[in-house]
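Below is one structure, written out as C-alpha cells; the observations come after it.
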Amino acid sequence: MKVLFVCNNAYHPGNGQSVAVRKMIVALREHGVDARLMAIANSNPDGPQPDFPLEHWKYPVFEPLLYKNGFAFAKIDKKVIRKAVEWADVVHIQEGMPLEGPVLRMARKMDKAITSTYHIFAQNFTASLGFSKKSIMNPPLTFLWRRFVYDYCSDVQCPTPVVRDVLQKEGFKSRLHVISNGIDIPAEPVKVNPVLPEGTIDLLCIGRLAKEKSQNTLLQAMRYSRYADRIRLNFAGNGPKAKYYKKMAEDLYKEGVLKIPASFGFYTHDELREMARKSYLYIHCAWVEVEGLSCLEAIQQGVVPVIAQGELIGTPVFALCPESLYPVYDSKALAERIDWWIEHPEKRNEMAPRYADSARKYDINKSAEALISMFKLALEPNA
C-alpha cells in the first residue's frame with residue numbers, strides 16, 4: 001500500500017501537527033506501508049527532507065505571525081503534485097489549506113482514494129492571526145474546509161471524540177474514525193517515583209506560548225493559590241506570546257506573589273521527559289486543542305495533569321478523575337485544583353502510576369494499525 005501524506009509544514013520544531021505527521025509516517029513504514037511525504041522542504045539542509053519537496057510560499061503581511069505560530073504555506077507546483085499523486089494508492093491530507101485544493105483535484109481526476117486527518121480547528125488558525133474564539137471568521141472557515149476539502153475524503157481520522165462530535169455537528173459527510181495520533185511507548189513501563197510537595201513545588205506547562213494555549217490562565221491562578229510562594233512555574237515552549245507571558249511572570253515575582261521566578265525555555269524531547277518526571281503537576285490550559293500530545297507525553301512519565309475542559313478541547317479524554325479537570329479560562333478553579341493536589345500528596349502519588357499506565361493505550365503502533373484499516377476501507381470499491 002502506497003500512502004501519500006500531504007502537509008504544508010512538516011518540519012517546524014514547535015508545531016505539534018508536524019511532529020505527529022512525521023512520527024506516524026515512521027510508524028506506518030514499520031508496519032509495511034510505503035508512506036511518503038509531500039511538504040515544504042526542510043529549511044535545515046542537514047535534516048530529513050520530504051519525498052516530494054515543495055517551496056515555501058510566504059503569505060503577504062501575515063507571514064511573520066503565521067510562522068511564529070507554527071504555520072507555513074507551500075507553493076503550489078503542479079509537476080510535483082502530479083508526480084506524488086500518480087505514485088500513491090491513497091492520498092492522505094493533513095489540513096484544509098490552499099495546497100490541498102489542487103491536490104484533491106488531481107487525486108479525483110486520477111480516481112485515487114482520498115482520506116485525511118483533522119489536525120486543527122478553525123479556531124486554532126484564526127487565533128494565530130489574533131482573532132477571538134467567537135470570531136465571525138470561524139464558521140465560514142469551517143464551512144470552506146468541509147465543503148471544498150473534507151467532503152471529498154471518504155474517511156477522516158479524528159484524534160479525539162471531541163473532534164468527531166464537532167465534525168458531526170458541522171455536517172461533515174465523511175466516515176469519521178476516532179484514532180489518536182499516538183505516542184511512542186517504551187517496552188517496559190516507566191518507573192514512577194513519589195514526588196512530595198516539600199520545599200519548591202514544580203508545575204510544568206508544555207506548549208507554544210500562544211493565545212489559544214492560554215498560559216495566562218496558569219499565571220493568573222497564582223494570585224489565588226495558597227501555595228504560590230512555594231510554586232515554581234516551568235514553561236516549555238516558545239511563541240508569539242513569549243514576551244507577554246514573561247512580563248506577567250516577572251510582575252508576579254516583583255509583587256511577591258511568586259517567591260521563585262518562573263522559568264521559560266525550549267527543550268529537547270529527553271529534557272521534557274526528565275522535567276515531567278520531576279514535576280509535581282502538569283498543567284494544560286489551551287482553550288482549543290484537537291488532542292494535546294504534549295500532555296499525553298508528560299502523563300506517560302507519571303506526572304498528574306490538571307486539564308482545561310471546554311467544547312473545543314480534546315485533551316480531557318486523558319483525565320482519570322474529576323480533580324484533573326477545571327473549567328477553561330477559570331483561573332480560580334485552576335488554583336483550587338492545584339491546591340487540592342498539593343494538600344493530598346498521597347492521592348497524587350497514587351494516581352501518578354495510574355496515569356503513566358493509562359498512556360500505554362495511546363501507543364502509536366495501535367494508531368498506525370487503525371489507520372491502515374481506515375486506508376483499506378477507503379480503497380474498497382463502493383465502500
Task: Single condition residue 366 does not satisfy, out of (1) closer than 21 Å to residue 191 by Cα; (2) part of a helix (DSSP H, G or I) - done: (1)
Task: Within region 24-40, tally of residues that are in contact (Cβ under 8 Å) with a residue 40 or more places away in the chain and either within 22 Å of residue 56 (Cα to Cα) or part of a strand (DSSP E or B) (or both) - done: 2
- [ ] Can you give me the number of residues within region 334-383 that are crowded, with 20+ Cβ neighbours inside 10 Å and either at pLDDT below 95 or charged (D, E, K, R) (or both)?
- [x] 2
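Determine if region 128-141 includes at least one residue that is closer than 16 Å to residue 378 by Cα and charged (D, E, K, R).
Step one: filter region 128-141 for residues closer than 16 Å to residue 378 by Cα, giving none.
No.
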Task: Criterion: part of a loop (DSSP other than H, G, I, E, B) and not assigned by TED's automatic domain parsing to the domain that holds residue 240 - qualifying residue of 187, 107 - done: 187
- [ ] Look at residue 156 and say whether it is in a strand (DSSP E or B) and farther than 20 Å from residue 249 by Cα.
- [x] yes
Task: Residues of region 266-318 satisfying the condition of being over 18 Å from residue 195 (Cα atoms), out of contact with any strand residue (DSSP E or B) (no Cβ under 8 Å at 6 or more places or on another chain) and crowded, with 24+ Cβ neighbours inside 10 Å - done: 290, 291
Task: Filter result for the condition that a residue is among the β-branched types (Val, Ile, Thr), more than 18 Å from the chain's Cα centre (by Cα) and assigned by TED's automatic domain parsing to the domain that holds residue 116, over 33, 21, 6 - done: 33
Task: Answer from 128, 132 - the residue that is hydroxyl-bearing (Ser, Thr, Tyr) and surrounded by fewer than 20 Cβ atoms within 10 Å (Cβ to Cβ) - done: 132
Task: Residue list for region 301-351, filter: under 23 Å from the mean Cα position of the chain (by Cα), more than 12 Å from residue 285 (Cβ to Cβ) and in a loop (DSSP other than H, G, I, E, B) - done: 301, 302, 303, 311, 312, 314, 319, 320, 321
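Before we move on, is residue 238 surrounded by 16 or more Cβ atoms within 10 Å (Cβ to Cβ) and at pLDDT below 95?
Values: surrounded by 16 or more Cβ atoms within 10 Å (Cβ to Cβ): yes; at pLDDT below 95: yes.
Judged against the criteria, residue 238 is a match.
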TODO: Count, please, the residues in region 291-349 that happen to be on the phi > 0 side of the Ramachandran plot, of a type in the set (Phe, Trp, Tyr) and out of contact with any Ser or Thr (no Cβ under 9 Å at 6 or more places or on another chain).
DONE: 0
Open item on the list: Which of the numbered conditions does residue 202 fail, given that it passes all the others? Conditions: (1) under 22 Å from the mean Cα position of the chain (by Cα); (2) closer than 19 Å to residue 296 by Cα.
Closed with: (1)
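Scan region 20-53 residue by residue and report those that are crowded, with 19+ Cβ neighbours inside 10 Å and farther than 18 Å from residue 80 by Cβ. Reasoning before the result, please.
To start, the set of residues in region 20-53 that are crowded, with 19+ Cβ neighbours inside 10 Å comprises 20-21, 24-25, 27-28, 33, 35, 37-40, 50, 52.
Residues satisfying the conditions are 20, 24, 27, 28, 33.
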- [ ] Give me a count of the residues in region 176-218 that are among the hydrophobic types (A, V, I, L, M, F, W, C) and free of Cβ contacts under 8 Å to residues at least 40 places away in the same chain.
- [x] 3
Task: Options 142, 117; residue that is touching an Asp or Glu at 6+ places or on another chain (Cβ under 7 Å), closer than 27 Å to residue 295 by Cα and not assigned by TED's automatic domain parsing to the domain that holds residue 316 - done: 142
Task: Every residue from region 219-266 that is closer than 23 Å to residue 124 by Cα and assigned to a loop (DSSP other than H, G, I, E, B) - done: 237, 238, 239, 240, 241, 266
Task: Qualifying positions in region 210-235 - of a type in the set (Gly, Ala, Ser) and either touching a Leu at 6+ places or on another chain (Cβ under 9 Å) or at pLDDT below 95 (or both) - done: 210, 221, 225, 228
TODO: Could you please let me know if residue 298 is in a strand (DSSP E or B), under 16 Å from the mean Cα position of the chain (by Cα) and of a type in the set (Gly, Ala, Ser)?
DONE: no
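The values are calculated or read from the model by the stated rules, or taken from the named source; none is laboratory data. Just so it is clear, the model here is predicted, and its values are computed rather than measured. FYI the Cβ positions are ideal-geometry reconstructions off the backbone, even for glycines, and counts take in every protein chain you see.
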